[in-house]
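Scroll down for the structure; my scribbles are underneath it.
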Amino acid sequence: MNDILKTIEEHTRLRVAAAKLAVPEAILEARRETLPSCRDFPAALRGKGRGTRVIAELKSASPSKGLIRRDFPVAELARELEAAGAAALSVLTEPEFFRGRLENLELARREVQIPLLRKDFVVDEYQLLEARVFGADAVLLIAALLAPEELHRLTDRAHRLGLAVLGEAHEEAELGMLLDSEVDMIGVNARDLRTFRTDLGTTARLLKQIPPDRLPVAESAIRDRADAAAMEAAGAAALLVGETLMRAPHPGMALKGLLK
């Protein structure tokens, strides 16, 4: 597969342009003014006491794996994962390649008290406003998608909206860009979004370069307790886990198997 990320970006920009016509920014701004404050996403990952912190991801499909979970009752899954010990939830909202929906954020928000991350391919400030209005407490910004000035601009806008930012890197140059930014958390994705191949060795190597006060997060390819322990040993303060949980008949039980 050749540069899937570029294809997704092109589709995302078309989707955002259509959304702006359908729901002008002024309408979203009016809705935002009535919202309560965001839940503190970074604090949920720091937590109290010891133990594994997992951002459990609600994801029904991906470009590389196709359909991951056929039955996808968002409210039920959100409740189950919170009860099993998830520190936070990541909600896929990209519709074409991951079968996500913005409405899934709303559904999850009504059901749980833990904070929510909007997982999407953010390239426009409009998407940050959408995230806030639909119930997110944090957003993902992918370094591979953005120039440094775009990362700074989007991070600043997210913070002014009350959203925390999880920056994502897969290689050294991207990590350097995140370390030079004001993102609240730094995720290292084992998956190369250009090819969708995964390598936990890459994650471990980059995690060791992140200061603990930047809240390092290991993302993708974590399949069992041994993988989780390896990422924690490399410095991860939290783990973002999706496919492993979503393929399990009972995601909550699968999550408990990752926790210590």
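With protein chains left intact and a 1.4 Å probe, residues in the range 80-136 average 30 Å² of accessible area per residue. Taking a ≥ b ≥ c as the square roots of the Cα gyration tensor eigenvalues, the range 9-115 comes out oblate, since a/c reaches at least 1.5 and a/b does not exceed b/c.
So if R0 is 51 Å, what FRET efficiency would residue 150 and residue 83 give, r being the distance between their Cβ atoms, rounded to the nearest 0.05? The value I calculate is 0.85.
For residue 187, the residues 5 or more places off, or on other chains, whose built amide H falls under 5 Å of its own are 167, 168, 169, 217. At the residue level, residue 194 shows approximately 80 square angstrom of accessible surface with a 1.4 angstrom probe and all protein chains present. Other residues lying with their Cβ under 9 Å from the Cβ of residue 244 contribute a combined charge of -1, Lys and Arg counting +1, Asp and Glu -1. The portion of the accessible surface of the chain made up by carbon and sulfur, rounded to a whole percent, is 50 (1.4 Å probe; DNA, RNA and ligands excluded).
Working from label points 7 Å from Cα in the Cα-to-Cβ sense, the residue 46 to residue 209 distance is 2.6 nm. On the beta carbon distance between residue 253 and residue 26, with R0 = 35 Å, the FRET formula returns roughly 0.15.
In the complete set of protein chains, residue-level accessible area for residue 203 is approximately 0 Å², probe 1.4 angstrom.
Taking the DSSP beta bridges with both ends in the range 1-135, the antiparallel portion is around 20 percent.
Computed from phi, the 3J(HN,Hα) profile of the range 219-224 under the Karplus parametrisation 6.51, -1.76, 1.60 (θ = phi - 60°) reads 10, 6, 6, 8, 10, 7 Hz, with x in place of Gly and Pro.
Above 25 Å, the calculated P(r) of the range 142-260 contains 24 percent of its Cα-Cα pairs.
How would the range 79-132 be classified by its alpha-carbon gyration tensor: rounded, prolate or oblate, with rounded meaning a/c under 1.5 and the a/b versus b/c comparison settling the rest? Here the range 79-132 falls in the prolate category. Would you work out if the chain is rounded, prolate or oblate? Take a ≥ b ≥ c from the square roots of the eigenvalues of the alpha-carbon gyration tensor; rounded if a/c is under 1.5, else prolate when a/b is larger than b/c, oblate otherwise. Rounded.
The values are calculated or read from the model by the stated rules, or taken from the named source; none is laboratory data. Treat the numbers as computed from the prediction; the structure is a model and nothing was measured. In this analysis, Cβ positions are derived from the backbone assuming ideal geometry, glycine residues included, and neighbour counts consider all displayed protein chains. These accessible areas exclude ligands, DNA and RNA; they are computed on the full protein's heavy atoms, side chains included. Shrake-Rupley method; radii C 1.70, N 1.55, O 1.52, S 1.80 Å.
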